[in-house]
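FYI, it's all coordinate maths here, none of it is from the lab. The structure presented is a predicted model; accordingly, all values stated were derived computationally and were not measured. Cβ coordinates were reconstructed from backbone atoms using ideal geometry, including for glycine residues, and neighbour counts include every protein chain displayed.
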C-alpha cells in the first residue's frame, strides 16, 4: 500500500508543475551509468569545477544514486545548443576519467524548479519510465490538481515532463519520500477518474543537485 501511495504521489507532483513559473521550452538530458558510484561522480564534479566547466549550459542538475552502484542524472537546458556546448566542454573530463555514461536528450513539455528552504538530507529522484501518457492526459491532470491543491507542493524541488517515442514521461526531485507520498494521496482520485495507470516509478536517493543562473 505504501508503494502504491508513493507511485501516486510521484505522478501528483509531476503534474503540479504547470502552475509554477515553467520552462516550457528546452531539453532534458537523462544520464545513466549502472556501474558508476557517487565517488566517481564527486571526482568528475571536482575536475569540472577546477576547469571552470561545471555550470556550463544547464539550468538545473540532479544526481540520483542506487545501491551498491549506479547513477541516474538529470540536466535541464534552455536549448539543444546549450546541451551540445556543455557536452563538448566536458568531454575531455569524462575521457580522462575513463567514463562514458549513457545520455539521452528529450524535448521538455513542462518543467519547474523550486529553491528549498534548506538542502535536503534524505531527498529522492523519482523516474516514471513506464508506458508514457499523452500530452492531453498530462495537461488534464494539471487542471484537476489545480482544483484541489496549492502549489508548489510542499517538498518538491524539481519536475519535468518530457516527450519520448513512447509518450510523455515524468521525472521529479523531492526533499523526502514522505513528502512525495503525502502529495500522492491527493492525486489518486484524479488518476482513477481519468483512467491513468502511473506504473511503478524507479526511486533513487538524491546525491546532489544544482540550480544555476543560465
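Numbers below:
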| quantity | calculated |
| --- | --- |
| Crossing angle, helix 2-16 versus the chain [Cα axis fit, 0-90 degrees, rounded to tens] | 80 |
| Between helix 38-50 and the chain: long-axis angle, C-alpha atoms, 0 to 90°, nearest 10 | 60 |
| Peptides 54-61, 87-94 ordered by average Cβ neighbours within 10 Å, highest first | 54-61, 87-94 |
| Gyration tensor over alpha-carbon atoms, the stretch 49-128, equivalent ellipsoid semi-axes in Å | 21, 18, 14 |
| Euclidean distance of C-alpha centroids, the stretch 103-152 and the stretch 163-182, integer Å | 5 |
| Within the chain, helix-based [θ] at 222 nm, where runs of 4 or more DSSP H residues each add -39,500 (n - 2.57), nearest 500 | -12000 deg cm²/dmol |
| Paramagnetic label zone (point 7 Å from Cα along Cα-to-C-beta, residue 51; backbone N under 11 Å) in the stretch 79-104 | 87-98 |
| Mean Cα-pair separation over length for the chain, i.e. relative contact order, pairs under 8 Å, 6 or more apart, % | 36 |
| Acute angle (nearest 10 degrees) that the helix 80-97 long axis makes with the longest principal axis of the chain, alpha-carbon atoms | 50 |
| Chain lengthening between residue 38 and residue 103 when straightened (0.36 nm per residue, less Cα-Cα) | 21.7 nm |
| Column: log10 I(q)/I(0), Debye, Cα scatterers of the chain, q = 0.09 Å⁻¹ | -0.33 |
| Gaussian network model of the chain, Cα within-10 Å springs - most flexible of 193, 85, 147 | 147 |
